[in-house]
Amino acid sequence: MRFSTPLVAGLAVVSPAVAAPSPSYGDKELFKTVKPIKQIELGPRPYYLVNDMDEGSLKKKLQSCSEKPQKPSQWSIAHRGGGTLQFPEHSLESNLAGARMGAGILECDVAFTKDRQLVCRHSQCDLHYTTNIVTIPELNKKCTQPFKPAKDGKPASAKCCTSDITLKEFKTLCAKMEGFNATATNAADFLHGTPPWRTDLYATCGTVLSNKEHIQLTKRLGLKHTPELKTPEVKMPFDGDYTQKKYAQQLIDEHKQAGVKPSDVYLQSFLYDDILYWLKAEPEYARQAMYLDETGDTPETFEKAVANLTRYKEDGVRYIAPPLPYLVTPGKNGKIVPSAYAKKANELGLKIITWTLERSGPLRNGADGNYYYTTIAKLINNDGDVFNLLDVFREIGVAGVFSDWSSTVTYYANCFGLKLPKAVLVIATSTLALYNACELLALIFTTFKRHHGLYFWSLFLTTLGVFPYALGWLLGYLDILGTDASKAMASLGWIVLVSGQSVVLYSRLHLVLNNLRIQRAVLWMIVINGTIWHTTQTALLFTIGPSVDGSNPTRIFVAIEKTQMTFFCAQEFVISGLYLWGTIDILQTSLGNKQKTMWYLLIINLLIVAMDIALLIIMYKDHYTIEQGVKLVIYSIKLKLEFAVLGKLVDVAQSRGGSSVSETHPARFIEMHPREHGRSDNLPEIVHLENTTARRMADDEESMRHLYDDAIKQIYKG
């Protein structure tokens, strides 16, 4: 974020010079072994900070979380990789450190090279103090200002920009800790200058990254992206026709080409025109674009910065990203409290992300003169006070915090349950679906007196399908069960669940619609859809499908997944639509309680349709994990609604057929015997119930027809 060279300029320290070998990772080999990190490691720093806090309830709360398992959190945003306190910024190593420390979002500050390729650098012209470029003669001479040694009282200097060299040349550089030695008389000494509160321990030769590489790295880690379009330090258009808009569009295009969903990208820029361009040209990707606001650095400009928030909201901006001090101010009780800026942003409904924690060095001697603590410097007296600041951010409702050392924010986020990983959703939805399934099984065996018939078996088997689907997905996601085994279990459950649900709907369709051709067509639709899509999807799942957690899906798999789900939902729409059609037809001839009952049935079926529509919307928004969880819960709820449908159908039969039905269990209504063919086949099925029941009340076993078995027989008789 903020340019920080003044912090390190002129520091002549005896840190080793960075060697100049080419990075050991080629483009194709760079991420060959990178996988999602399942074991988060925070290191000792968060615990040191907690112990350093003043005594109080917050300290006790944070201490109580010391043995708690840690998970990645999107509240923890990796600034320049997230390991910047000890690793060269924007290097592969810093990003891997940030991910290991639980950052849910990785940052790449984007600048362009001479050949218009995007690379990860905090500033377009920072290569002379973040890489070893000045020690490579053939590249140093290409710099805007090659290295000049200190001489005659003038400090050593250089200015090397990404636009001075090509991507190929950029990839030969070594990333180093930020800083330079202003007293250097040679290029090697100029590389020194790391602040004493940082370290060169891991700065032997950091691997520099292109934006495309950073995208692939982030995808392989299963995390989200936050690229910042750095403000050019060269005149634009660059090289004749490379305009700011082309630059801004290129950033999004590279994410599109890599298959990154808009919901996984948090664009950033200090240039408000960039935000406006994205809002107009790429509205989907701009939904999470954050304007990096540094327009209120002085008391005179701060009030205007607060007022400008209204304009940002009116322009369509959803995320505002001010620096830490904009959000807090001293309270009357000597505590840190939300500022006018924070209150106004919340009032307008703007989401807030802030920067940058752990960028200030030790705080034990106070924070006077430190930019990131400008507004609360007098309230800071130890390193542990960073947690007091984070606690106020939680109170404000901040959506995420950039940090140079990700574990600090990750620890706090885990302790307070802030934006924890999708595993929480997986566990919650799986547990709810399994509970519903257990309750359904109990209802089935206590409700049905006779355990046979299409309705009973379809409802029973479909309910059983919830178990392998939920458990396969849950155990696979938590890495308790192997990938292939979990996929096989989940696939079996899905096949039984989705097709079984359609059979359940079909098995009661002819209660309200007595048309054998339509019934036959519906049955064949279920069979054909199930055969085509279950076969295709299962084959793809085990060949080019994503992992159980939904990471790294191929475009073909995603397209087929959406298509099959659309067909299955359309199938249920058709069956529910036919049921609604038949119900409405009966409503036209029903009075009193019968009409109320049919209205109830109508509403239930409309609810089923609404849930399918919601599922489709989530799926087409590319929320894979949410989709899986919602599917589980929705299908288990739809099965439970079957008992509401069953009870109301009994009411209809009772109102049509007399008291004999009311003396029987609801299952008596569905355990019926086949009717005689040729009897008023053109009348609605409920009318048949009324006529036959009225004639045969003496024998309730003969008063009803076993409609479900009869329907199957009729279909196969043709």
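Taken together, the values in this text are just the output of simple stated rules run on the coordinates, not laboratory data. Predicted, not measured: the structure shown is a model, and the values here were computed from it. Note that each Cβ is placed from the backbone with ideal geometry, even for glycine, and that neighbours are counted across all protein chains shown.
Couple of notes before you dig in:
- Peptides 401-410, 288-297, 302-311 ordered by packing proxy, namely the average of other Cβ atoms within 10 Å per residue, highest first: 401-410, 288-297, 302-311.
- Binned Cα-Cα distance frequencies in segment 234-296 - 5 Å width, integer %: 4, 17, 27, 23, 16, 10, 3, 0
- Average Cα contact separation per residue, segment 338-479, under 8 Å, 6 or more apart, as relative contact order %: 21
- Taking the inverse of the mean reciprocal distance over all distinct Cα pairs, the Kirkwood hydrodynamic radius of segment 367-435 comes to 14.3 Å.
- Equivalent ellipsoid of segment 249-348: semi-axes from √(5λ) of the C-alpha gyration tensor, largest first, are 30, 14, 11 Å.
- Sequence-separation-based contact order of segment 229-288, relative, with Cα cut under 8 Å and 6+ spacing, percent: 37
- Of all beta bridges that DSSP places with both ends in segment 59-183, some 70 percent have antiparallel geometry.
- Over 20 Å (Cα to Cα) - which of Lys71/Lys343; Lys114/Lys141; Lys38/Lys71; Lys38/Lys219; Lys141/Lys171 fall in this group: Lys71/Lys343
- Sequence-distant contacts, meaning Cα pairs under 8 Å at least 6 residues apart, place the relative contact order of segment 451-527 at 33 percent.
- Extent along principal axes [Cα atoms of segment 418-474; Å; largest to smallest]: 49, 17, 12
- Rotationally averaged projected area of segment 331-470 (alpha carbon convex hull; nm²): 13.4
- Ranked by the mean number of other Cβ atoms within 10 Å per residue, highest first, peptides 139-146, 195-202 order as 139-146, 195-202.
- Note: segment 127-230, Cα convex hull, 127 Å³ per residue.
- The share of C-alpha pairs in segment 306-400 whose separation exceeds 23 Å stands at 24 percent.
- Segment 459-516 - Debye-derived log10 I(q)/I(0), Cα point model, q = 0.18, 0.30 Å⁻¹: -0.60, -1.03
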